[in-house]
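What follows is a short report on a single structure.
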Amino acid sequence: MKKKKVLIIDDDVVVLTVLRDRLIKEDYDVITAGDGQSGMEKIDGECPDIVVLDLVLPDIDGYKVFQYMKQIKKLDTPVIIMTDKLNTAPLPEIFSVDPEAIINKDNNCEMVFEAVKKFA
């Protein structure tokens, strides 16, 4: 059986490494991007089965990456959004989109793994 391909887009190297290493250990094919622009390029070039997306990125933010995927490219690829903004709400712009999951970034890597298993 072909491995599911997960694209993680996050500028936090620690989070990126923890997620990548755990998903590889669980037999996923993992690709990473440290900013929105390279994330969009990998969405186009790698055709991931699922995307784990941070909202706060150094160049193109996660909102725009999500819009690119869903509105411009019309992709139905599942998206799991990670953010620390859940603690600084209100977040109407997050909830106006329809990702498969929105997970608080603070110490919730286990929730991200569970969401990947569920939606990949």
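No value in this document is a laboratory result; all are computed from the given coordinates. Note that the coordinates shown come from a computational prediction; the quantities given were computed from them, not determined experimentally. Cβ: placed from backbone, ideal geometry, glycine included. Neighbour counts: every protein chain shown.
Summary table below
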quantity: Reach of residue 105 by Cα under 27 Å, taken over lysines that are not fewer than 8 positions away in the same chain; calculated: 3, 4, 5, 25, 42, 64, 70, 73, 74, 85, 117, 118
quantity: Contact order normalised by residue count of the range 1-44, Cα under 8 Å, 6+ apart, percent; calculated: 47 percent
quantity: Least to most buried among 24, 72, 8 (fewest other Cβ within 10 Å first); calculated: 72, 24, 8
quantity: Choice from 34, 62, 45 showing the highest fluctuation, given a GNM over the chain with Cα pairs closer than 10 Å; calculated: 45
quantity: Per-residue [θ]222 nm for the chain (sum of -39500 (n - 2.57) over DSSP H runs n ≥ 4, rounded to 500); calculated: -10500 deg cm²/dmol
quantity: Proxy reagent accessibility, fewest Cβ within 10 Å first, across 1, 111; calculated: 1, 111
quantity: Residue among 51, 18, 30 with the largest mean-square fluctuation in a Gaussian network model of the chain, springs linking Cα atoms under 10 Å; calculated: 18
quantity: Projected-area average for the chain over all orientations - Cα convex hull basis, square nanometres; calculated: 6.9 nm²
quantity: With at most 16 neighbouring Cβ atoms within 10 Å, loop trypsin sites (Lys or Arg not before Pro) (DSSP) excluded, longest segment of the chain; calculated: 4-72
